[in-house]
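A.B. asks: Right, I'll just put the structure down here and ask away after.
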Amino acid sequence: MKRILAVLAISTVMPFSGIAQAQEFPSWPLTQTCMSGDSSCGRFEQFARGQISGTWTTLPPKVRASCVTQTESVEKSYRLLQSCLANAMQVLLKNQQRKADDGKVVHLTPKAKMKAPPPAPAPAPVAEPAPVEQPAAAAPAATPPVKPQ
């Protein structure tokens, strides 16, 4: 009985050991990424780190592990990691949507078939506006010459 319990305990812990490693949030020093001394680099890295850490546990373990590996092979940058995660999730979601769309079968019964919509009514002719007559320009009034006194 003890042997069975030990086997069950090991078999339930083993599958999660790889996931625990994949869930580990990377701890990279910002000083290596931002060596140029640019203060905005550090702020951008900290901002990206904060955004990633807030959603880290909601991301699939395979995506996390893959992106950490890819990012570390280039540069340990939270901005690069954030970009990788965003791209990987877009691909994953598109693939899931494609699979869901491929699995849908639409059956149309004779009643459900749509008829062609009736033609749209012809637009009413637009009458051109009648030209508006402009009043003739008044000639400037002639003023009598002024005689010196």
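The values are calculated or read from the model by the stated rules, or taken from the named source; none is laboratory data. A quick note: this is a predicted structure, and the numbers were derived from the prediction, not measured. Every residue, glycine among them, receives a Cβ derived from its backbone with ideal geometry; neighbour counts consider all protein chains shown.
A.B. asks: Quick check: anything in the range 59-81 modelled with pLDDT of 80 or more, of a type in the set (Gly, Ala, Ser), touching a helix residue (DSSP H, G or I) at 6+ places or on another chain (Cβ under 9 Å) and part of a helix (DSSP H, G or I)? Let's see the steps before the verdict.
C.D. replies: First, the residues of the range 59-81 that are modelled with pLDDT of 80 or more: 59-81.
From what's left, of a type in the set (Gly, Ala, Ser): 65-66, 73, 77.
Of the ones still in play, those that are also touching a helix residue (DSSP H, G or I) at 6+ places or on another chain (Cβ under 9 Å) are 65-66, 77.
From the residues that got through so far, the ones that are part of a helix (DSSP H, G or I) too are 65-66.
Yes; the residues of the range 59-81 include at least one that is modelled with pLDDT of 80 or more, of a type in the set (Gly, Ala, Ser), touching a helix residue (DSSP H, G or I) at 6+ places or on another chain (Cβ under 9 Å) and part of a helix (DSSP H, G or I).
A.B. asks: Still on this structure, I have one more. So, in the range 85-110, exactly how many residues are among the acidic types (Asp, Glu) and at pLDDT 90 or above? It would help to see each step written out before you state the result.
C.D. replies: Looking only at the range 85-110, we keep the residues that are among the acidic types (Asp, Glu), and these are 101-102.
Then keep just the ones that are at pLDDT 90 or above; that gives none.
Matching residues across the range 85-110 total 0.
A.B. asks: Determine, yes or no, whether residue 16 is at pLDDT below 50, out of contact with any Phe, Trp or Tyr (no Cβ under 6 Å at 6 or more places or on another chain) and farther than 20 Å from residue 88 by Cβ. Write out each step before concluding.
C.D. replies: On the way: at pLDDT below 50: yes; out of contact with any Phe, Trp or Tyr (no Cβ under 6 Å at 6 or more places or on another chain): yes; farther than 20 Å from residue 88 by Cβ: yes.
Criteria met by residue 16.
A.B. asks: Which ones in the range 20-58 are farther than 10 Å from residue 77 by Cα, of a type in the set (A, V, I, L, M, F, W, C), assigned to a loop (DSSP other than H, G, I, E, B) and at pLDDT 80 or above?
C.D. replies: 25
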